[in-house]
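S.K.: Structure provided below as structure tokens; questions to follow.
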Amino acid sequence: MKGNYTFTIIKPCAVQSGHIGAILGDIADAGFRVAALKFVRLNKKEAQEFYKIHEERPFYGELVDFMTSGPIVVAVLEKEGAVEGFRSLIGSTNPKEAAPDTIRAKYAESIGRNAIHGSDSDDNAKIEASFFFSRNEIFNSEGGFVENLN
Ligand code: RTP
Ligand code: MG
């Protein structure tokens, strides 16, 4: 069964360009409920840890530098089939390949500065959400704590 939660980051470029409100609006318009939300800035060690999966890739250093360059908005979002649905909403990694009206088509500047992150699996959504949020910071639609993500 598909999980109902995904995790997102509004990246430093989109925050810096003043797109937080517009992006959260697009997310809400697409039917996602905000289950957790915060505004934070990663230090180098935290960004290296979060992106450890990409450690061997040539863009790792650049990615860590970029993700620590300014504040980010992190959120847990709820919708049926959230991971897949959210990946469709944000569009391809490279904004040149992103479908029109996707968040990356609208707000990304380049493949590196691509405005937003979306988890790529239910398991990763859970891992990534737990990286930023504790158990008492993620809420279900009734305002209670979410016992188990995905
Ligand atoms: P994300 O994790 O941010 O949602 O993006 P994604 O799944 O679409 O792409 P992924 O392969 O997981 O790559 C993570 C992030 O690394 C940056 N990147 N830069 N310079 C490059 O060639 C390059 N390739 C990837 C992007 O910011 C990408 O979102
Ligand atoms: Mg990814």
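All of the numbers you see were taken from the coordinates with simple rules; none came from a lab. Keep in mind it's a predicted model, so treat the numbers as computed, not measured. Using ideal geometry, Cβ is built from the backbone for each residue, glycine included, and neighbour counts are taken over all protein chains shown.
S.K.: Answer yes or no: is there a residue in the range 62-82 that is among the small types (Gly, Ala, Ser), free of Cβ contacts under 8 Å to residues at least 24 places away in the same chain and out of contact with any strand residue (DSSP E or B) (no Cβ under 6 Å at 6 or more places or on another chain). First the steps, then the outcome.
M.R.: Going through the range 62-82, the residues among the small types (Gly, Ala, Ser) turn out to be 69-70, 75, 81-82.
Those left that are additionally free of Cβ contacts under 8 Å to residues at least 24 places away in the same chain: none.
No, every residue in the range 62-82 fails to be among the small types (Gly, Ala, Ser), free of Cβ contacts under 8 Å to residues at least 24 places away in the same chain and out of contact with any strand residue (DSSP E or B) (no Cβ under 6 Å at 6 or more places or on another chain).
S.K.: Another question about this same structure. Got a number for residues in the range 117-127 being more than 7 Å from ligand 1 (Cβ to nearest atom) and either part of a loop (DSSP other than H, G, I, E, B) or in contact with a strand residue (DSSP E or B) (Cβ under 6 Å, 6 or more places away or on another chain) (or both)?
M.R.: Within the range 117-127, the first condition is being more than 7 Å from ligand 1 (Cβ to nearest atom), and the residues that meet it are 119, 121-127.
Next cut, either part of a loop (DSSP other than H, G, I, E, B) or in contact with a strand residue (DSSP E or B) (Cβ under 6 Å, 6 or more places away or on another chain) (or both) only: 119, 121, 125.
Count: 3.
S.K.: Could you check the range 128-146 and list, in sequence order, the residues that are out of contact with any Lys or Arg (no Cβ under 8 Å at 6 or more places or on another chain) and assigned to a helix (DSSP H, G or I)?
M.R.: The answer is GLU128, ALA129, SER130, PHE131, ARG135, ASN136.
S.K.: I'm checking my understanding of the structure. Among residues of the range 14-29 that are part of a helix (DSSP H, G or I) and in contact with a helix residue (DSSP H, G or I) (Cβ under 8 Å, 6 or more places away or on another chain), which one is nearest to ligand 1 (Cβ to nearest atom)? Let's see the steps before the verdict.
M.R.: Of the residues in the range 14-29, the ones part of a helix (DSSP H, G or I) are 14-16, 20-29.
Then keep just the ones that are in contact with a helix residue (DSSP H, G or I) (Cβ under 8 Å, 6 or more places away or on another chain); that gives 14, 20, 22-23, 26-27.
Working: ALA14: 11, ILE20: 17, ALA22: 18, ILE23: 13, ASP26: 15, ILE27: 14 Å.
Filtering first and then ranking leaves ALA14.
S.K.: So ARG104 passes all but one of these: (1) free of Cβ contacts under 8 Å to residues at least 60 places away in the same chain; (2) away from ligand 2 (no atom under 16 Å from the Cβ); (3) of a type in the set (D, E, K, R); (4) within 19 Å of ARG87 (Cβ to Cβ). Which condition number does it fail?
M.R.: (2)
S.K.: So ALA105 ticks every box in (1) touching a Ser or Thr at 6+ places or on another chain (Cβ under 9 Å); (2) in a loop (DSSP other than H, G, I, E, B); (3) crowded, with 17+ Cβ neighbours inside 10 Å; (4) not aromatic (Phe, Trp, Tyr) but one. Which box is left unticked?
M.R.: Unmet condition: (2).
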